[in-house]
Every structure is written in structure tokens, then in C-alpha cells.
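There's a structure below that I have some questions on.
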Amino acid sequence: MVSTKQSANLQDAFDSGDTYDDYAAKIRAEGGRPANLLEKSEATVSDANLDVAPFTNVNKPLKVLVLSETWCPDCTDNLPILNEIAKRTGKFDVRIIGRDAFPEVADAHLKEGKFRSIPTMIFFDQDGNEVGTFIERPDTVTDLRQQRRREVYAGDPDFGSPDTPASELPDEVRATLEPRLAEARASTRDFAIQEVTRELGEIVARA
């Protein structure tokens with residue numbers, strides 16, 4: 001059970017947050033890469049075969065406070081998954097806030113106790129008791145992305161080492177590398193959708 005103060009902080013932050021539709025509208029209004037990523041993410045999720053059984057077993061809807069920033073690719077990847085589950089099951093009441101606008105909430109939910117990673121999805125019941133927290137992405141997704149990234153670099157010696165910042169590469173090499181890295185990331189999308197859904201299901205199973 002969380003402290004009364006922390007519970008109040010969560011509720012106050014929740015009450016000030018945006019619904020998914022309002023937050024998505026902000027991203028679309030800003031345009032650019034985040035808007036493009038969100039559109040692609042929403043399209044893949046809407047067609048996905050999601051295992052929603054763990055969520056339908058929740059007795060009462062849970063509140064979900066999400067810390068996000070519009071520039072974050074993991075946010076545009078994973079918020080549509082949460083929203084799709086909420087739409088299909090009616091078990092989540094979601095509100096989204098800016099991480100940097102609520103440092104006290106972010107610092108109470110650090111990844112590995114050190115990092116303000118996002119998205120951070122905090123699940124809590126109607127009494128303010130926290131059920132669990134999802135941060136950034138599943139480790140399985142990180143591992144697969146790293147594997148695909150290594151494969152891209154191994155496929156062309158001009159790319160050099162995966163540890164070398166792309167900004168240090170010649171412009172013509174970077175122009176070839178960046179689309180391939182984007183394709184490699186996109187190739188993990190279906191797996192990521194299922195893994196995020198699984199991990200969220202494990203959290204709500206504790207409700």
C-alpha cells in the first residue's frame with residue numbers, strides 16, 4: 001500500500017492528466033516524426049490479436065497514470081497498446097502527464113532505482129493502492145532490438161561499430177544506416193505488441 005501523501009500525489013497528477021485521445025491529438029498537432037510513429041503504432045495495434053483475458057478478469061477498473069513525453073519513441077510505441085486494451089476491455093481509466101512536469105511522481109517510480117525512463121505506467125485502484133508499474137519496455141523487446149541492431153551493423157563494414165554514435169559517421173553512410181535501423185526496429189513491432197500486452201497482463205493479475 002502506498003503512503004497517503006504518495007496516493008494523493010498520484011490522484012492529483014491523474015486528475016490533471018490528458019485522456020489518450022487528447023494526448024494523441026497533441027502529438028498529431030505537433031507533426032513530424034512523433035506523429036508519424038504514433039500513426040504507424042496505432043495502425044499495427046488496431047489489427048493485432050491481443051490476449052485480453054487477463055484484463056477482463058479485473059473486478060473493478062483500474063486507474064493508469066502514464067508519464068510520457070511526446071518526443072519519446074517508446075511512448076508512441078506503447079501508449080497505443082495500453083489504449084487498445086482499455087478500449088477492448090473497459091478495465092482501464094487512463095490519464096497521461098508529462099514526466100518533466102511531475103518530477104516527484106517520476107522519482108518515486110525510477111527504473112532500476114536510477115532512471116526516469118518512459119513511458120512509466122502506474123496502475124492503482126480506486127482507493128489509491130498501487131498495483132504495479134510498467135516502465136519503458138519489456139527486457140525481451142530490448143534484447144531483440146539489440147540483436148537486430150547488431151545484425152544491421154554486421155551486414156555492412158562501412159557502418160563500423162554499433163557503439164559508435166551515428167552522428168560521427170559520414171553523411172552518406174548515415175543516410176544508408178538510419179533507414180536500415182528503422183526497418184530493424186519495425187521488424188520487432190509484432191513481437192513487442194505481444195510482449196507489452198503480456199507484461200501488462202501480469203501486472204493487473206495482481207489486482
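Quick one: length gained pulling THR19 to LYS111 fully straight, 0.36 nm per residue minus the C-alpha distance? Provide the component values of the computation, followed by the final result.
Values: separation 92, 0.36 × 92 = 33.12 nm, distance 2.41 nm.
Additional length available on full extension: 30.7 nm.
Let me know the charge dipole size of the chain about its Cα centre in debye, to the nearest 20, where only the beta-carbon of Lys, Arg (+1) and Asp, Glu (-1) is charged.
Details: 26 positive and 38 negative charges, 83 e Å.
The calculation lands at about 400 debye.
Long-range amide H contacts for VAL94: which residues qualify at under 5 Å (H placed 1.01 Å from N, peptide plane, sequence gap of 5 or more or a different chain)?
Hits under the 5 Å cutoff: VAL64.
Gain in length, GLU69 to VAL173, computed as 0.36 nm per residue apart minus the alpha-carbon separation, to one decimal in nm?
Difference between extended and current length: 34.5 nm.
Counting other beta carbons within 10 Å of each Cβ, put TYR153, TYR23 in order, fewest first.
Numbers: TYR153 19, TYR23 23.
Exposure proxy ranking, most exposed first: TYR153, TYR23.
Oh, and also: Using a 7 Å offset from the Cα along the Cα-to-Cβ direction at both ARG88 and ALA48, what is the distance between the two label points in nm, to one decimal?
Distance between the two pseudo-spin positions: 0.9 nm.
When only DSSP loop residues count, what trypsin sites (Lys or Arg not before Pro) in the stretch 1-95 have their Cβ near at most 16 other Cβ atoms within 10 Å? Let's see the in-between values first.
Details: sites: LYS5, LYS26, ARG28, LYS40, LYS63, LYS87, ARG88, LYS91, ARG95; in loops: LYS91.
Counting only loop positions with at most 16 other Cβ atoms within 10 Å, none of the trypsin sites (Lys or Arg not before Pro) in the stretch 1-95 qualifies.
Would you mind calculating the gained length between ASP127 and THR140 on full extension (0.36 nm times residue separation, minus the Cα-Cα distance), in nm to one decimal?
Details: separation 13, 0.36 × 13 = 4.68 nm, distance 3.25 nm.
The ASP127-THR140 span can extend by a further 1.4 nm.
In whole Hz, with x marking every Gly and Pro, tabulate ³J(HN,Hα) for the stretch 154-168 from phi via Karplus 6.51 cos²θ - 1.76 cosθ + 1.60, θ = phi - 60°.
In residue order, the calculated couplings are 5, x, 8, x, 5, 6, x, 8, x, 7, 7, x, 4, 5, 8 Hz.
Only the coordinates and a few stated rules stand behind these numbers; no lab work does. Remember, it's a predicted structure, so these values are computed and weren't measured experimentally. So basically every Cβ, Gly included, is an ideal-geometry build from the backbone, and we count neighbours across all protein chains shown.
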